[in-house]
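**Q** What follows is a structure written as structure tokens; I'll ask about it next.
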Amino acid sequence: MAQSRQRSHLLRNLVIGLLVVILLYSLAGFLLLPWWLKQTLPEQLQQQMGWQADLAEVSSNPFALSVEVLNLSAQDGDNAKVVGFERLYINLSFFELVRGVIGFEAIELDEPFIRLDLLEDYSVNFARDFQAAGARENNRAAEQPGPEKDQPLPSLYFEQFIVRGGELLFRDFTQPGMTEFRVTPLDLSLTDLATWQRDDRSSDYHLQAALGEQTLEWQGDLSVTPLYSSGSLAITGVDHKTLGHFLAPYLPYDLRSGKLTLRSDYELQSGEVLYLSTHGGHLSVENLAVAPNTQSGQPRLTTANIVIDDIGFDLNAREASVGQITLEQPDVALARNKAGEIDWVAALAAFNATSESNDNNGSGQPGTQNPGAGAAEPVSDGPSFRWSLEGISVYGGRVLWQDQQPDSPADIALQQLSLSMGGISSDMEDPLSYQLQAALETGGSLSVNGQLTPQPFTLEAAVSGSDIVLAAFEPYLQESANLAVAGGTLGLDGNLDLDGQQEPLTGTFSGTAEIAGLSLQLPDSNEPLVSWKTLRLAPIEYNVHPARLEIGTVNLAQPVVNLVRNSNGAHNVEQIVPAPADADASRAPESRASEQDAEDQSRFIFRIAQLTIEEGVLDYTDRAVDPAFTTSLDQLNGTVTGLSNVPPQQGKVALTGRVGGGASVEFDGTIGALGSEQTSNLKLTMKDLSLPALSPYIGRYLGYGVDSGKLALDLDYEITGSQLEASNHIVMDRLGLGQSIASEQAVNAPVKLGLALLRDSKGTIEVNLPVSGNLDNPDFSVGQVVMGAFVNLLAKAATSPFSVLGSIADLAGLSGEELGQMRFEPGSTRLAPGEAEKLATLAKALLDRPDLLLNIRGSVSPKADGLVLLREQLAASQAEKLTEESWQKAREAYLAGERTLAPEVLNNLASARASALQEILRDTHGVPASQLFMLDPSRNAEVSEDGKVIVGFTLDAR
């Protein structure tokens, strides 16, 4: 009975004790724990972080092993909210606790808020606040003890961890002006996570976050021991502002628009070696717009879409792979300023200079090297990093080149650009195939395809272009020639091979080219200068090093050259070559000489097998004469073969044409190697050129216009280096002078007499005028020298007619001076011995030149003729023979003037001599009387050394 009562009391006590424990546990769990947490959490946040925290409510359920915290909000030292949440719910797992595991059936966090600040020194606000709080607490810098390396993780298990509606406010103070990013909502679910190794299962996680329309989704499996994770990451719609901000320290350009999307699968494992690999990656950028710098008014690079497929990375294998890169409708604009700086390159250089300056100032930015950080880490002995690219595809592209450096800005645009490239890898040794097609915005298309090997560099390219409008390249032409392109297209087709395995670069181009419809003119003139229908070069062989150009045939069809001499005497073609700058004048002669030697050693070599000209035209206008002179060389056809600058190459020329619509021209000969001292022999033959067309030139020098006549030329030129030796055979047929012309350059001589002397019986003037001189002498002009020689000959003929007549007539050894006078026996009309032959020669010359007029002035010598006539008179008047004594007395008296002859005696003798000469010329030699004129007799005739009396002639022209 007593035992039964004892057992009853024990059971009651146990029940009471259990109820007390339960009551105490309940009081502690429901009342004490929430109170303690509400007091402790703010205190801990204050002590550990220096934050002021408020809690709205804390509740717990000791039987459900759960705690719920509502409306936590913490402010940092600046009284700004740093963390907070609406609700935190934690539910422990009783059964896991029984097994010795700290297990959580659920952790739920609703609408958490975190403000994360990236400070100027690239630290974060949490670390800053923690260190500051620790320093205040301990009066020294707080240091968190790190975990022991071999200490195992506690056994933790999370059956479910959920974050709902979270908000992350990220503020960046590392760049000028604070920038903030608000990530909301932020949702995370994590299930079945354990901190110990489990071979049969792993946890699942799913993270979603949004920054406006920019989203991040990260999901997969996770194991803590060992650390292992596999899954996928997707970042969608990241806009240019976000990208621009985070890439600003590394990107030299200004992002204006664009959205990035990135997706990839990954696998991460940590053990003795960290293993990380990604595969199936995909990156796309839509509507990208980039400017070289913030000052650019418009974007200079835009694309509709950039897509990169099959991105993979293997950290252990040190290998990355990229699939196809596709660019849709890229539009790139490049500009070069007057100083020669390209905008994109200049922006990159400025960015690098700024980065180097920041490095030297110790900015500490990521990716920069601090000079004071010590020596660089040793290079890893592991395998080199490898990469591969499957290919590149570009379509619908456009490239705009804007160049301000030429005097006239250049704008060249390639549109409809498409490019495809084959695979390439990091070893760079495999050939890469490519294809490029584009059209010029101004007209024409271009195609290049072949293969490229980066290392060592080799290039094979099949190049073709058609209907490329040359006017677009006019600014670059004007850098070396003062020309405007009024029309013309380029076509080419060939193969380019380059090889950079050894220095210098070597290579060849072989193919054909054609320039059609070309029209060039001076920029300040509307008159055409040079044009042609087609210029075709085939085949072309060009060697890069040593530089050599060989062309098989150059066919020039219907070329037209408009050569104009302006009123100032300068030709329009002289304006083509710009005036040379005098920048080299101050350099030492030794420097220029050494440069010349180097130039000679690397001399450019060229050869043209044959140049063919079809239906060429040369129009010439001279406005420096009045009236202006115009003529044309047309129907120019022929060939020039063997042109080269390599001795002893000898070229040949054979051209024919027509001048002035009727005169025929033939040009032939040999051409020495250009630029050498070899001799060129050139001949030009022209027939039936109308002389009136040359009246502006001839009238300037003769003082008369040309009314009629034809010109024939036979020119033979020998050119050695710059030295010219030439013979000019000129024939003028029936040259007739017109009206007189006032000219300061006209010869001061009787021109008509000179022409009459040079003209033969058929009305032809035929002269040979040799010319020599140095073609490099700017004062030397072949045309002016020839014309000057002819005018000098004409003046000499007019002023010394018998000298000229003697030089062109067959005088059987007689001089022109002898031909202009006749010797008579004193006191008679009898010619001296040999004079009759001279008279016959003179007669022939007169007959050959019907325009010549011979003036005969009968003359006597009072002394020589008078003495003879006096003796004859004395002998006739005396019956007996005249003695010597009486003659001497009469002679002395005559010479002393004490005795004279009848006045008519000498006059009659002079007239008789003139009549005798006229009669012989007219009756004996057939000289027309119309060419013979008697002049008033003269009484002062000269006497020759042999005592003969001289009667002189003068010439005149009709």
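**Q** Could you grab me the full set of residues in the range 706-729 that are hydrophobic (A, V, I, L, M, F, W, C) and under 14 Å from L694 (Cα atoms)?
**A** V706, L711, A712, L713
**Q** Now a separate question. If you scan the range 219-228, which residues turn out to be under 25 Å from G165 (Cα atoms) and buried (at least 17 other Cβ atoms within 10 Å of the Cβ)?
**A** Those that are under 25 Å from G165 (Cα atoms) and buried (at least 17 other Cβ atoms within 10 Å of the Cβ): G220, L222.
**Q** Something else now. From A486, A538, which residue is out of contact with any His (no Cβ under 9 Å at 6 or more places or on another chain), farther than 23 Å from F606 by Cα and among the aliphatic types (A, V, I, L, M)?
**A** Selected residue: A486, the only one of A486, A538 that is out of contact with any His (no Cβ under 9 Å at 6 or more places or on another chain), farther than 23 Å from F606 by Cα and among the aliphatic types (A, V, I, L, M).
**Q** Which is under 27 Å from D54 (Cα atoms), in contact with a Gly (Cβ under 7 Å, 6 or more places away or on another chain) and modelled with pLDDT of 90 or more, of F113, F170?
**A** F113
**Q** Do the conditions hold for A64, that is, is it more than 25 Å from I114 (Cα to Cα), out of contact with any Ser or Thr (no Cβ under 9 Å at 6 or more places or on another chain) and either in contact (Cβ under 8 Å) with a residue 24 or more places away in the chain or surrounded by 15 or more Cβ atoms within 10 Å (Cβ to Cβ) (or both)?
**A** For A64, the condition - more than 25 Å from I114 (Cα to Cα), out of contact with any Ser or Thr (no Cβ under 9 Å at 6 or more places or on another chain) and either in contact (Cβ under 8 Å) with a residue 24 or more places away in the chain or surrounded by 15 or more Cβ atoms within 10 Å (Cβ to Cβ) (or both) - is met.
**Q** Give me a count of the residues in the range 685-719 that are more than 16 Å from I765 (Cα to Cα), free of Cβ contacts under 8 Å to residues at least 40 places away in the same chain and among the small types (G, A, S).
**A** 1
**Q** Turning to a different aspect of this structure: If the requirement is being exposed (fewer than 12 other Cβ atoms within 10 Å of the Cβ) and at pLDDT 90 or above, which of these qualifies: P928, P903, P862, P937?
**A** None of the others qualify; the one that does is P928.
**Q** Could I ask something else about it? Counting only residues that are among the charged types (D, E, K, R) and assigned to a strand (DSSP E or B), which one in the range 281-316 is farthest from I392 (Cα to Cα)?
**A** Applying the filter and picking the extreme gives D314.
**Q** Could you please find all residues in the range 247-289 being under 30 Å from P226 (Cα atoms), touching a Gly at 6+ places or on another chain (Cβ under 9 Å) and loosely packed, with under 15 Cβ neighbours inside 10 Å?
**A** Result: H279, G280.
**Q** What number goes with the only condition from (1) in contact with a Ser or Thr (Cβ under 9 Å, 6 or more places away or on another chain); (2) assigned to a loop (DSSP other than H, G, I, E, B); (3) not acidic (D, E) that S743 does not pass?
**A** Only one criterion in (1) in contact with a Ser or Thr (Cβ under 9 Å, 6 or more places away or on another chain); (2) assigned to a loop (DSSP other than H, G, I, E, B); (3) not acidic (D, E) is unmet by S743, namely (1).
**Q** Could you say whether any residue in the range 414-430 is crowded, with 16+ Cβ neighbours inside 10 Å, β-branched (V, I, T) and over 28 Å from W387 (Cβ atoms)?
**A** The answer is no, given that none of the residues of the range 414-430 is crowded, with 16+ Cβ neighbours inside 10 Å, β-branched (V, I, T) and over 28 Å from W387 (Cβ atoms).
**Q** If you don't mind, there's one more thing I want to ask. Checking the conditions here, which among A798, A756, A749 is touching a residue at least 12 places away in the same chain (Cβ under 8 Å), part of a loop (DSSP other than H, G, I, E, B) and under 14 Å from D956 (Cα atoms)?
**A** Matching residue, one of A798, A756, A749: A749.
**Q** How many residues are over 60 Å from the mean Cα position of the chain (by Cα), farther than 23 Å from D187 by Cα and not basic (K, R) when one looks only at the range 68-123?
**A** Going through the range 68-123 one residue at a time, the tally reaches 15.
**Q** Looking at (1) out of contact with any Leu (no Cβ under 7 Å at 6 or more places or on another chain); (2) within 20 Å of F824 (Cα to Cα), which is the only condition E898 fails?
**A** The single condition E898 does not satisfy is (2).
**Q** While we're here: Which residues, taken from the range 98-118, are over 26 Å from Q208 (Cα atoms) and touching a residue at least 24 places away in the same chain (Cβ under 8 Å)?
**A** Result: G100, V101, I102.
**Q** With respect to L37, determine if the residue is modelled with pLDDT under 90, assigned by TED's automatic domain parsing to the domain that holds D129, within 18 Å of D110 (Cβ to Cβ) and not small (G, A, S).
**A** Yes; evaluated as a whole, the condition is true for this residue.
Each row is one residue, and each column tells you yes or no for (1) under 19 Å from R700 (Cα atoms); (2) at pLDDT 85 or above; (3) within 52 Å of the chain's Cα centre (by Cα); (4) crowded, with 17+ Cβ neighbours inside 10 Å.
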position: N728; (1), (2), (3), (4): no, yes, yes, yes
position: V731; (1), (2), (3), (4): no, yes, yes, no
position: G754; (1), (2), (3), (4): yes, no, no, yes
position: R759; (1), (2), (3), (4): no, no, no, yes
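**Q** If you don't mind, another one. Scan the range 277-290 and report the pairs whose first residue is free of Cβ contacts under 8 Å to residues at least 40 places away in the same chain and whose second residue is surrounded by fewer than 16 Cβ atoms within 10 Å (Cβ to Cβ) and aromatic (F, W, Y), with Cβ atoms within less than 8 Å and a gap of 6+ or a chain change.
**A** none
**Q** If P648 meets every condition in (1) modelled with pLDDT under 85; (2) in contact with an Asp or Glu (Cβ under 9 Å, 6 or more places away or on another chain) apart from one, which number is that one?
**A** (2)
**Q** Can you find even one residue in the range 317-327 that is without any contact (Cβ under 8 Å) to a residue 40 or more places away in the chain, out of contact with any Phe, Trp or Tyr (no Cβ under 6 Å at 6 or more places or on another chain) and among the β-branched types (V, I, T)?
**A** No, because not a single residue in the range 317-327 is without any contact (Cβ under 8 Å) to a residue 40 or more places away in the chain, out of contact with any Phe, Trp or Tyr (no Cβ under 6 Å at 6 or more places or on another chain) and among the β-branched types (V, I, T).
**Q** Check the range 394-404 and report whether any residue there is over 30 Å from A339 (Cα atoms), in contact (Cβ under 8 Å) with a residue 12 or more places away in the chain and buried (at least 16 other Cβ atoms within 10 Å of the Cβ).
**A** Yes, that holds for at least one residue.
The values are calculated or read from the model by the stated rules, or taken from the named source; none is laboratory data. Note that the structure is a prediction, hence the values are computed from the model and not measured. All Cβ positions, even for glycine, are placed from backbone atoms using ideal geometry, and neighbour counts span all protein chains on display.
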